[in-house]
1. Say each of His97 and Ser159 gets a label point 7 Å from the Cα, pointing the same way as Cα to Cβ; how far apart are those two points in nm?
2. Compute the accessible area per residue over region 18-134, keeping the other protein chains in place, probe 1.4 Å, unit Å².
3. Take every Cα pair under 8 Å in the chain that's 6+ residues apart, average their separations, divide by the length, and report that relative contact order as a whole percent.
4. Of Thr91, Phe25, Thr76, whose Cα points farthest to the positive end of the dipole of region 2-133 (charges on the beta-carbon: +1 Lys, Arg; -1 Asp, Glu; origin at the Cα centre)?
5. Based on the alpha-carbon gyration tensor of region 1-74 and its eigenvalue square roots a ≥ b ≥ c, which shape applies: rounded if a/c is under 1.5, prolate if not and a/b is larger than b/c, or oblate?
6. Can you give the charge dipole size of region 54-106 about its Cα centre, rounded to the nearest 20 debye, using +1 on the beta carbon of Lys and Arg and -1 on the beta carbon of Asp and Glu?
7. Of the options Ser159, Gly104, Thr194, report the single residue whose Cα projects farthest towards the positive end of the charge dipole of the chain (beta-carbon charges: Lys, Arg +1; Asp, Glu -1).
8. Among (1) 7, 22, 27, 25, 14, 5, 1, 0; (2) 8, 31, 29, 18, 10, 3, 1, 0; (3) 8, 32, 34, 18, 7, 1, which is the computed P(r) over Cα pairs in 10 Å bins from 0, in percent?
Amino acid sequence: MSEVQRIRLSPEERRAQLIATGVNFLADHSLDELTMDELARRAGVSRPLLFHYFETRQGMHLAVVTKARDSLLIATEPRLDLPPRERVHETLLRITHFVQQHRGTFYSLVRGIASGDPAVRTVVDESRELNAERLLDAFIELGFEDTAMLRVALRAWVSYAEEALISLAIERDTDADAVVRFLEAGLRGMVGATRELQAPDYA
């Protein structure tokens with residue numbers, strides 16, 4: 001009888017596999033529920049092996065959240081071949097679809113880390129800053145001046161959008177097109193509140 005050969009993973013592949021298992025856990029659970037014991041059980045590995053790769057529970061959380069954040073950013077990267085208005089609309093539509101398809105993961109990113117490790121919060125804040133920068137690029141193309149007020153408005157809108165996506169796309173299962181119209185209306189309002197802008201209103 002031939003022996004079943006166990007697939008031997010490289011350290012990098014094993015670590016990636018463990019992180020993916022952690023991200024999948026977030027689909028139905030909060031980040032705080034992800035313990036070393038639970039991840040070891042789900043991955044079918046020993047608890048000491050997890051400490052070998054992550055050293056601490058906080059280190060494991062950081063790796064999982066970073067992967068989840070990067071997946072969101074990659075999936076919703078703006079299409080630079082589109083004009084700025086269409087680019088914003090298309091990006092918001094893809095973000096909404098992503099949230100609807102990965103409800104637990106998005107919820108954990110936005111709400112689950114509120115009282116967590118500072119390093120984990122930094123990872124999520126970095127994604128908010130990048131999303132605000134992506135919007136800023138589009139508005140500059142539309143003729144808006146890069147001002148402190150515009151940057152504040154866009155950063156505030158990102159946080160507003162996160163809460164709106166949770167309330168509409170996740171909790172109320174609102175149609176994606178309706179969610180995007182709501183988000184765009186909020187974006188117009190916040191940008192319109194920046195009195196220093198001289199360019200035409202975003203529409």
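The values are calculated or read from the model by the stated rules, or taken from the named source; none is laboratory data. All values reported here derive from a predicted model rather than from experimental measurement. Virtual Cβ from ideal backbone geometry, glycine too; neighbours counted across all protein chains shown. To get the accessible areas, we keep the full protein, side chains included, count just its heavy atoms, and leave off ligands, DNA and RNA. Shrake-Rupley method; radii C 1.70, N 1.55, O 1.52, S 1.80 Å.
1. Placing both labels 7 Å along Cα→Cβ, they lie 3.0 nm apart.
2. Result: 49 Å² per residue.
3. Over the chain, the number comes to 21 percent.
4. Farthest towards the positive pole: Phe25.
5. Here region 1-74 falls in the prolate category.
6. Numbers: 8 positive and 6 negative charges, 33 e Å.
Using Cβ point charges on Lys, Arg, Asp and Glu, region 54-106 gives about 160 debye.
7. My answer, from the dipole projection, is Gly104.
8. Of the labelled values, this structure produces (2).
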